[in-house]
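So the structure is just underneath, and the comments pick up after that.
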Amino acid sequence: MNSPQTPTGTRFRSGFACFIGRPNVGKSTLMNALVGTKVAITSSKPQTTRRAIRGIVHRPDAQLVIVDTPGLHKPRTLLGERLDSLVRSTLSEVDVIGFCVPANEPVGPGDRFIAAELAQVKKTPVIAIVTKTDLADRNQVAEQLLKVSGLGEWADVVPCSAESNYQLDVVSDLLAARLPEGMPLYPEGELTDEPEQILVAELIREAALEGVREELPHSIAVVVDEMSPRAGRDDLVDVHAWLFVERPSQKGIVIGPKGARLREVGTRARKQIEALLGTRVYLDLRIKVAKDWQRDPKQLRRLGFYD
């Protein structure tokens, strides 16, 4: 079936783009900004993203489905290996790739490693995106653009800032222009294809990541055990979730003195979940130790990280 014509007389385009980069370069924040709402959690902690989450950008001339991937890195656990495998499989399935490098940090071995990986992707165009320009001055941005240009052969190089909305329209235009002609893949107004329970679990994990020690974020996993409207109520949803950590000492960190920290996590997560679901929420959080779950294939499967 031919794609419909756009208001300007061109053919409508639809397809998939993915953002790739080392951990914590602003991929999730950029995707949320382009979609116009929060579909991926963000944190200053590296390796926050653990799934290939899809955000849908609706344009008059195109439907751009952005796949936010975990940061590509040298894995130290079985979980890390599976996240890297997820990134590589995503690269082979999309129509255009956005290679993200922050403007405010030196180009390093991680960026060069990813550039070398992208050099092996022959048929898919790659746009180099210099992110976080709001955290760098004009000279820094200009210098970073030159350095990123020298990392490989890119279809385009563009600076942007998700925080200040600088050149987000240009990033969207460059990605959409490289999609194939085709019909929309999702209904108008749909912003993600993630199940609500997965989004809720991610919002709880985001709340738990705030203010914890450096070694703990990798050890936290969240599973929503049950989520349903309260019987006899149409204005309240009950959410029961488990937070998994790897060691008893980590359980104490998450709970905090007299349970204060866990209450903070619950309050922060509940507000985000209520905004997502558009209704009041009763949130029941419990913590369980799953010893060394990042290295255990059986526990990884139980927590939703498949081969």
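When the stretch 176-206 is filtered for residues that are aliphatic (A, V, I, L, M) and within 15 Å of the chain's Cα centre (by Cα), the ones remaining, listed by number, are LEU191, ILE198, LEU199, VAL200, ALA201, LEU203, ILE204. Got at least one residue in the stretch 286-299 being surrounded by 16 or more Cβ atoms within 10 Å (Cβ to Cβ) and at pLDDT 85 or above? Checking the stretch 286-299: at least one residue is surrounded by 16 or more Cβ atoms within 10 Å (Cβ to Cβ) and at pLDDT 85 or above. All of LEU243, LEU262 fail the test of being free of Cβ contacts under 8 Å to residues at least 60 places away in the same chain, surrounded by 15 or more Cβ atoms within 10 Å (Cβ to Cβ) and within 23 Å of the chain's Cα centre (by Cα), apart from LEU243. The residues on offer are LYS132, LYS122, and the sole one that is in the same structural domain as ASN24 (by TED's automatic domain parsing) and either modelled with pLDDT under 95 or farther than 21 Å from SER164 by Cα (or both) is LYS122. How many residues does the stretch 159-194 contain that are crowded, with 19+ Cβ neighbours inside 10 Å and in contact with a helix residue (DSSP H, G or I) (Cβ under 9 Å, 6 or more places away or on another chain)? Matching residues across the stretch 159-194 total 8.
Hey, GLU143 hits all of (1) in contact (Cβ under 8 Å) with a residue 60 or more places away in the chain; (2) in a helix (DSSP H, G or I); (3) out of contact with any Phe, Trp or Tyr (no Cβ under 7 Å at 6 or more places or on another chain) but one; which does it fall short on? Result: GLU143 passes all but (1). Residue count for the stretch 15-36, restricted to those that are surrounded by 22 or more Cβ atoms within 10 Å (Cβ to Cβ) and in a strand (DSSP E or B): 4. Name the single residue, out of those in the stretch 118-140 being touching a residue at least 60 places away in the same chain (Cβ under 8 Å) and not in a strand (DSSP E or B), that is farthest from SER28 (Cα to Cα). My answer is LEU118. Screening the candidates ARG82, ARG112, ARG50, ARG88 for the property of being in a helix (DSSP H, G or I), at pLDDT below 95 and surrounded by 17 or more Cβ atoms within 10 Å (Cβ to Cβ) yields one hit, ARG82.
The values are calculated or read from the model by the stated rules, or taken from the named source; none is laboratory data. A quick note: this is a predicted structure, and the numbers were derived from the prediction, not measured. Neighbour counts run over all protein chains shown; Cβ positions are idealised from the backbone, glycine included.
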